[in-house]
């Protein structure tokens, strides 16, 4: 998210370890006496450095494996990288696999940067999921020079459970699949929701314009036994979200996606609008809901990014502009409070630009997140 040339890996890891004991202790309480999920968490642990042998950095997506298949065990944590070894954004091509049972990391997949089936090449984004059938689907938002000057439209890449490329998914509705996916997985079929932030966004300038063309796309998949998923239909369920190029973070656009427990509402973090919105009937609607209905804005939100659903039905949103995660009651439309999970004072405010992906633990007693300035996977529990 920020220029990692100002950080050395050794300094970053030492700092991460130094703050790990206190990272979850400071919080801004929005509503005195409010009860929420975040107050049940007490520790922040650095698990691994996510940089593989090829030097890729800037961890983005986090996915907890729902099943054991191929080289992946249920409960493993898959993390992809957006930058390459020279720190160019939109050039990362690796997915690593953290094994909680052993504390070790292996490389799950290394995807060719010049994958011709993917428009513009490969730069792995926060759009990633693993299905119950073992297939891994990851988005590409590629660049040749680390900026949106050479941005490609990208694609979705389908990998088997051993990290081998099976197919790609491209269409006019896919342009820089950017945000973390929301998924309904029925085994033989699945529905994916992914935001696309590349429409209209071009070269970088000192004051890049906002293009209100970003979308949320629903992909309905059929998964024949032993064969890669096939797209049966695609529907734009949300549109008109703001997105713009950015020198420091590549682009800013809708990022977080999460479904209500009954799948009747899709929540979207609108980074440009500094708000969380909801889209009704996302599974069945046949036309776009536009930008949906705002449920909360501003307050403790500071450019919300990834979203996750806590066991109590609340949403957790990572902030891009400070090191906090914000808990939101989507039914009441209230922000409960924000808690510091990154107190790195190398940025101002602390943790600015460090947070991105987030994923709940299988037992729901905590969540995984990344500090991408120091290339680490963290556990809050």
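The values are calculated or read from the model by the stated rules, or taken from the named source; none is laboratory data. As the structure is a prediction and not an experimental result, all values here were calculated from the model. Quick reminder, even Gly has a Cβ in these numbers, built from the backbone with ideal geometry, and neighbours come from all protein chains shown.
Mind listing just one residue for me: the one in the stretch 228-278 that is in a loop (DSSP other than H, G, I, E, B) and modelled with pLDDT under 95 and, of those, nearest to residue 142 (Cα to Cα)?
Let us first name the residues in the stretch 228-278 that are in a loop (DSSP other than H, G, I, E, B), namely 228-229, 247-249, 253-256, 260-264, 271-274.
If we keep only those that are modelled with pLDDT under 95 as well, we get 247-249.
Numbers: 247: 15, 248: 16, 249: 13 Å.
Per the criteria, the residue is 249.
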Exercise for the section: Please find, among 316, 259, 251, 307, the residue that is in contact with a helix residue (DSSP H, G or I) (Cβ under 7 Å, 6 or more places away or on another chain) and closer than 30 Å to residue 163 by Cβ. Expected result: 251
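Return yes or no: is residue 141 in contact (Cβ under 8 Å) with a residue 24 or more places away in the chain, buried (at least 23 other Cβ atoms within 10 Å of the Cβ) and more than 16 Å from the chain's Cα centre (by Cα)?
On the way: in contact (Cβ under 8 Å) with a residue 24 or more places away in the chain: yes; buried (at least 23 other Cβ atoms within 10 Å of the Cβ): yes; more than 16 Å from the chain's Cα centre (by Cα): no.
Here the answer is no, as residue 141 does not meet what is asked.
So which of 63, 96, 77 ends up being closer than 30 Å to residue 332 by Cα, crowded, with 19+ Cβ neighbours inside 10 Å and modelled with pLDDT of 95 or more?
Details: 96 fails: closer than 30 Å to residue 332 by Cα; 77 fails: closer than 30 Å to residue 332 by Cα.
Selected residue: 63, the only one of 63, 96, 77 that is closer than 30 Å to residue 332 by Cα, crowded, with 19+ Cβ neighbours inside 10 Å and modelled with pLDDT of 95 or more.
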Fill in the blank from the handout: For the stretch 144-181, the count of residues that are within 17 Å of residue 204 (Cα to Cα) and either surrounded by fewer than 20 Cβ atoms within 10 Å (Cβ to Cβ) or in contact with a strand residue (DSSP E or B) (Cβ under 6 Å, 6 or more places away or on another chain) (or both) equals 10
Exercise for the section: Working only within the stretch 337-354, note down all residues that are touching a helix residue (DSSP H, G or I) at 6+ places or on another chain (Cβ under 8 Å), assigned to a strand (DSSP E or B) and surrounded by fewer than 24 Cβ atoms within 10 Å (Cβ to Cβ). Expected result: 337
Handout entry: Qualifying residue in the stretch 61-74 (condition: touching a residue at least 12 places away in the same chain (Cβ under 8 Å), closer than 16 Å to residue 164 by Cα and in a strand (DSSP E or B))
Key = yes
Exercise for the section: Scan the stretch 363-375 for residues that are farther than 14 Å from residue 323 by Cα and in contact with a strand residue (DSSP E or B) (Cβ under 6 Å, 6 or more places away or on another chain) and jot them down. Expected result: 366, 367, 368, 375
Fill in the blank from the handout: Checking 220, 206 in turn, the sole residue that is assigned to a strand (DSSP E or B) and either surrounded by 23 or more Cβ atoms within 10 Å (Cβ to Cβ) or free of Cβ contacts under 8 Å to residues at least 60 places away in the same chain (or both) turns out to be 220
Practice task
Could you list all residues from the stretch 300-319 that are assigned to a loop (DSSP other than H, G, I, E, B) and buried (at least 24 other Cβ atoms within 10 Å of the Cβ)?
Solution key: 301
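Can you say whether residue 135 is in contact (Cβ under 8 Å) with a residue 24 or more places away in the chain and closer than 17 Å to residue 81 by Cβ, as far as the supplied structure shows?
When the stated conditions are applied, residue 135 does not pass them.
Is it true that some residue in the stretch 322-330 is on the phi > 0 side of the Ramachandran plot, in a loop (DSSP other than H, G, I, E, B) and surrounded by fewer than 24 Cβ atoms within 10 Å (Cβ to Cβ)?
No, because not a single residue in the stretch 322-330 is on the phi > 0 side of the Ramachandran plot, in a loop (DSSP other than H, G, I, E, B) and surrounded by fewer than 24 Cβ atoms within 10 Å (Cβ to Cβ).
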